[in-house]
Structures are given as structure tokens and as C-alpha cells.
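K.L.:
Here it is, the structure in full.
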Amino acid sequence: MKQISSLLLSCLLLLPTGMNAEEDTPKQWTLRDCIDYALEHNITIQRNRISAESAQEDVKTAKADFLPSLSGNISQRVVNRPNSARGTIISGDNITTSESKTSYNGSYGINANWTVWNGNKNRNNLKLNKLAAQQSELSLAETANSIQEQIAQLYVQILYLNEAVEANRMSYEASLKNESKGREMVKLGKMSKADLAQLTSQTAQDNYNIVEAKSNIAKYKLQLKQLLELTDSEEFDIYIPAASDADALEEIPSLTSVYEAALSTRPEIKNSQLAIQSSELNIAVAKADRLPSISLSGSVGTSSTSMNSNKWGKQIQTNFDASVGATLSVPILDNRSAKTAVNKAKLQREQSLLDLKDKQKQLYSTIEGFWVDAYTNQQKFKAAKASVESEQASYELLSEQFNLGLKNIVELMTGKANLMNATQDMLESKYMTILDRQLLKFYKGEPLSI
């Protein structure tokens, strides 16, 4: 029974420790985690989101322009005429006098105005504000796309460097073995101390390469944290997916298919197309300044004064008046302001058409760059992969011959350098191919995923 109790006590003591160890393990961020978090917390994206919300408020204001305006006013005044023998107050058609030189006067009214027609300017302004709201949303999408691309590039760089660290570590271990073998050969008189020094230098260089690669990983992680707006001191680490060689050898989507899909999905193209529509509406708004406008107005009001012997309620009733009217405004001479506005709006339309062509050209250039890089890096990867296999076999043979004294230190170090160069080329071309393929798929409208 004592043994069972001791065993249970040990389990209970160990349980919290295990739980804490699990809780202390830093989260490993996948690419999707990074993107989703950045879309929610990145400051640039949040600013664009606020701009989009502000544009929606402008739409509501434009809708309200169709409604009449209504205002009320209450005025209370104290009037003193010290040099007048008798006080006189004129209120509408009523003239009142009093022996008092000080009077208390009040006026109360409600005024309404409604623009019935102004050349459809209010309708076109509403359409303009709706287009502006759509453009704000598209600008937000543009920013989000840019942030996602930056995250993907940093993420892939970290994956590449992580594998480069492993390659450098293997090279470092091989250098340690060569150095150890060299020390034995020096003792036996089969190698000079100068040659041993070269082996020692190679070991130090490989260790430096490991440190440098880890330092670069830390820098890229810092840049990634900044995009995610992570400012705390909590350890940040990413999930390292198993990126196989097959991922770099997958078929690359055709340039034409990516560009055609991007033309119909990319927000920068849609934004430019909406800018053309806005310029057309601006022309219509400018032309409306040449047209007459019709508005209706109405008001009700009353007044009171202390110089009238009637009670306040009686004065309010007696002085009550109401009016309604219509106004027709016809522009005759406006110092060419309307014509200038129309001409500038037409020029803006031409500018918008050129902007669309420029955006399409930039889009094609960007996609073509990704496609060329993907194709080139894929071919480099195939060649580098074969080169690594060849250099690996050559280095293993050189190592055996070096151990037997058939090869010198220069030949061994040259073979090792060739193997490392081929390995670095293979890793770089592999991950750059994966990145470029993902970006091409992204421009087709597919989500980024590695």
C-alpha cells in the first residue's frame, strides 16, 4: 500500500511539471498563421481599413443629400435704448411702444430647404462616393496582398536558411573528422603542421557559416515579427514544413493562364477600372454646373416682446407666420469655371485610361518575372541536384584516398568546397522555385500555402 501511495504522489508531483513544460513551448507559426494574424493586426492594413470605413460614411452623407434640410431657431434678446424717451419695437407688421427703455424680445422659427433638381449632381455624387468606397476596399486588398507576399518571401528565406544550417553542420562535422585525422597524420609524420592548420581553418570557417546562417534566420524572424506587429519579448518561431524535392519539381503554371486570371481578380486592376468610371461621373458632375437648379423652401415663425401688453401666448399666436417658395437658379456667366471643370474632368479620364494600361503592364511584368524565376530556378535545381550527387561521390572517394595518403590536403579541401557550393546552389534554387510557384498561384487567386 505504501508503494502505491508513493507512486501516486510521484505522478501528482510530475504532472504540473509536464504541463508547464508544454505551456512554455513557444508557438510554431505556420505560414497561414502568420498571414491571418498580420491581416488582423498589421498597422498599415488597419489604417486602410479605417479609410474604407470613412468612405462608407461619405456614401451615407451623399444619400442624405436627397433629403430636405430642416433647422430650428430660438432667439432671446435684451434691448436697451437709454437715449430714447419711449421704446419702440417693430415685429412684422406690429409696432409697439412702451415707457420702458429696456425690452425683452424673442423670435422662434423652423426653416426647411430641399433641392429638387440640380442637373443630377446629387445622384452622380452618390455614385462617385459608392465607387470611392469600393476603391478604398480594393486599396485595402492591395495592401493585404503586398503584406502576404512579403510574409511568404521571409518565411521561405527562413526555411532555406534552416536547411542551410543543417548542411553547414554536416560540413562542420566532416571538417572535425578531417582535422582529427590530420592530427593523427602529423603525429605519424605523414602531414605537415601547415596542412593541419588549413584543416583547422576549414573547421573554423564551417562553424562561422553556421553562426552566420543562424544570425540571418534571426534577422528574417525579426522582420516577420514586425510585419505581424509582434512587439513583446516572447520567443518567436515558425513551423518548418517538410519541403520535399518533389515540391520544387511540380509543374509551373503557364504565364498566359496566370496573367488572364490576374486581370480579372487582382484588386489593383479593378481599382484602375473603377477610376475610369469615376472620371466619367466627374465629367457629368462638372457639366451639371451649366444647368439650372430648382429648390423649394419653407418656414414658420413667430415672435414676442415685453413691450406688448398682450400675454406671451397671445403674442405667439398673433405673430405666427408661415411661408413657402420655389427658386429657379440659372447660370449665365461663371467666368469659365464650368467649362474648365469639364475639360479637367475629361483630362482626368484620359489619365485614368493610361493608368489602367500602366497597371496592366506592371502586372504582366511582375508575373513574367515570377514565371522566369520559377522556370530558371527549377532548371537550376535539377542541375544542382545531379551536381550534388556527383560531388558527394567524388568527395567520399577523395576522403578515402586522403586517409590512405593518396591525395593531398588541397585536393581534399577543393572537393569539400565543391560539394558545399553545389549543396547551397541546390537548396537556394529549390526554395526559390517553391516561392515563385506559390506567388504565381497567388496571382491566379489561390491562397498562399507552403
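The values are calculated or read from the model by the stated rules, or taken from the named source; none is laboratory data. This structure is a prediction, so every number in the text was calculated from the model and none was measured. Using ideal geometry, Cβ is built from the backbone for each residue, glycine included, and neighbour counts are taken over all protein chains shown. For the accessible areas, the whole protein counts, side chains as well, though only heavy atoms, and no ligand, DNA or RNA atoms are used. Shrake-Rupley method; radii C 1.70, N 1.55, O 1.52, S 1.80 Å.
K.L.:
How about region 347-397: which of its residues are within 30 Å of I283 (Cβ to Cβ), among the basic types (K, R) and touching a helix residue (DSSP H, G or I) at 6+ places or on another chain (Cβ under 6 Å)?
P.N.:
Across region 347-397, the qualifying residues are R349, K359.
K.L.:
Which residue is most open to solvent (accessible area, probe 1.4 Å), if the candidates are limited to region 336-345 and must be among the charged types (D, E, K, R) and assigned to a helix (DSSP H, G or I)?
P.N.:
Looking at the filtered set, the residue picked out is K344.
K.L.:
Give region 198-216 a look and list any residue that's charged (D, E, K, R) and touching a residue at least 40 places away in the same chain (Cβ under 8 Å), or say none.
P.N.:
The one that is charged (D, E, K, R) and touching a residue at least 40 places away in the same chain (Cβ under 8 Å): K214.
K.L.:
Look through region 268-313, keep the residues that are in contact with a helix residue (DSSP H, G or I) (Cβ under 6 Å, 6 or more places away or on another chain) and in a strand (DSSP E or B), and return whichever of them is surrounded by the most Cβ atoms within 10 Å (Cβ to Cβ).
P.N.:
So the residue we want is S304.
K.L.:
Among the candidates Q348, Q362, which residue alone is open to solvent by 70 Å² or more (accessible area, probe 1.4 Å) and within 30 Å of E251 (Cβ to Cβ)?
P.N.:
It is Q362.
K.L.:
Return yes or no: is K221 more than 27 Å from I367 (Cβ to Cβ), in contact (Cβ under 8 Å) with a residue 12 or more places away in the chain, surrounded by fewer than 18 Cβ atoms within 10 Å (Cβ to Cβ) and basic (K, R)? Let's see the steps before the verdict.
P.N.:
Numbers: more than 27 Å from I367 (Cβ to Cβ): yes; in contact (Cβ under 8 Å) with a residue 12 or more places away in the chain: yes; surrounded by fewer than 18 Cβ atoms within 10 Å (Cβ to Cβ): no; basic (K, R): yes.
So K221 does not fit the description; no.
K.L.:
Go through the residues of region 187-197 one by one and say whether even a single one is assigned to a helix (DSSP H, G or I), open to solvent by 20 Å² or more (accessible area, probe 1.4 Å), within 30 Å of F442 (Cβ to Cβ) and without any contact (Cβ under 8 Å) to a residue 12 or more places away in the chain.
P.N.:
Scanning region 187-197 turns up no residue that is assigned to a helix (DSSP H, G or I), open to solvent by 20 Å² or more (accessible area, probe 1.4 Å), within 30 Å of F442 (Cβ to Cβ) and without any contact (Cβ under 8 Å) to a residue 12 or more places away in the chain.
K.L.:
Which is open to solvent by 50 Å² or more (accessible area, probe 1.4 Å), within 30 Å of G445 (Cβ to Cβ) and not hydrophobic (A, V, I, L, M, F, W, C), of E173, E184, E142?
P.N.:
None of the other options fit; the residue is E142.
K.L.:
With the condition kept exactly as written, say whether any residue in region 317-325 is open to solvent by 90 Å² or more (accessible area, probe 1.4 Å) and more than 30 Å from Y108 (Cβ to Cβ).
P.N.:
no
This table checks each residue for (1) under 20 Å from A246 (Cα atoms); (2) part of a helix (DSSP H, G or I); (3) aromatic (F, W, Y); (4) open to solvent by 20 Å² or more (accessible area, probe 1.4 Å).
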{"residue": "A374", "(1), (2), (3), (4)": "yes, yes, no, no"}
{"residue": "K380", "(1), (2), (3), (4)": "yes, yes, no, yes"}
{"residue": "S387", "(1), (2), (3), (4)": "yes, yes, no, yes"}
{"residue": "A393", "(1), (2), (3), (4)": "no, yes, no, yes"}
{"residue": "S399", "(1), (2), (3), (4)": "no, yes, no, yes"}
{"residue": "G405", "(1), (2), (3), (4)": "no, no, no, yes"}
{"residue": "T414", "(1), (2), (3), (4)": "no, yes, no, yes"}
{"residue": "K430", "(1), (2), (3), (4)": "yes, yes, no, no"}
{"residue": "L448", "(1), (2), (3), (4)": "yes, no, no, no"}
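K.L.:
While we're here: Return the residues of region 228-256 that are among the polar types (S, T, N, Q) and either at pLDDT below 90 or in contact with a helix residue (DSSP H, G or I) (Cβ under 9 Å, 6 or more places away or on another chain) (or both); say none if nothing qualifies.
P.N.:
T231, S233, S244, S254
K.L.:
Here is a further query. With a cut-off of at least 1 residues that are in contact with a strand residue (DSSP E or B) (Cβ under 9 Å, 6 or more places away or on another chain), modelled with pLDDT of 70 or more and surrounded by 15 or more Cβ atoms within 10 Å (Cβ to Cβ), name the strands (runs of 3 or more DSSP E) lying wholly within region 75-135.
P.N.:
Values: elements: 87-91, 94-98, 102-117.
Ranges flagged: 102-117.
K.L.:
Same structure, new question: Between a residue in region 50-73 that is aromatic (F, W, Y) and any residue that is surrounded by 12 or more Cβ atoms within 10 Å (Cβ to Cβ) and not in a helix (DSSP H, G or I), which pairs come within a Cβ distance under 9 Å, given they are 6 or more apart or on different chains?
P.N.:
Listed pairs, sorted by first residue: F66/T115.
Residue by residue, here is whether (1) touching an Asp or Glu at 6+ places or on another chain (Cβ under 9 Å); (2) within 29 Å of T30 (Cα to Cα) holds:
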| position | (1), (2) |
| --- | --- |
| Q202 | yes, no |
| E250 | no, yes |
| L274 | no, no |
| S279 | yes, no |
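K.L.:
Would you mind stating whether I450 is of a type in the set (V, I, T), within 29 Å of Y259 (Cα to Cα), modelled with pLDDT under 95 and under 22 Å from the mean Cα position of the chain (by Cα)?
P.N.:
In short, yes.
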